[in-house]
Amino acid sequence: MNGHRGADGAAADRPFYARALRLRHLRPSGLLCFVYLEGTLGLGMLFALAEAIPWWSVPMLPAVVAAMVKLNDVIAAAAAAPARVGPGRVSGLRRAEAAPIRVGSPGASAPGLRRD
């Protein structure tokens, strides 16, 4: 048995890059993880060999990309869970105000369309 698996066994299916950054809400594919890490290293080395950037920026480029991916995961976590303000209130609105808008209700017409 693998001790690194979660309850559903999905932890072993995730790429190493996603597990190393402990991404909770983003699910990058293996190809995307390859581009994030090895692609940025290759691009950084290419630019360093062309003397377009200093040598110390080669390891910095993947680190900056990893920080931006983690920041995007944190923002996705904040957007996924609405803040509960109090009983009956979600994000400062009452439940009646937070009801979804129904498009195409009877009697409503789209702009520019005539009803015959």
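Each value in this text was obtained by applying a stated rule to the coordinates, not by laboratory testing. Just so you know, these numbers come straight off a predicted model, no measurement behind them. Every residue, glycine among them, receives a Cβ derived from its backbone with ideal geometry; neighbour counts consider all protein chains shown.
Using DSSP to define loop residues, name the trypsin sites (Lys or Arg not before Pro) in segment 12-45 whose beta-carbon has at most 15 other beta-carbon atoms within 10 Å. Taking segment 12-45 and a limit of 15 other Cβ atoms within 10 Å, the loop trypsin sites (Lys or Arg not before Pro) found are ARG22, ARG24. Multiplying the residue separation of TRP55 and ALA80 by 0.36 nm and removing their Cα-Cα distance gives an extension gain of 5.1 nm.
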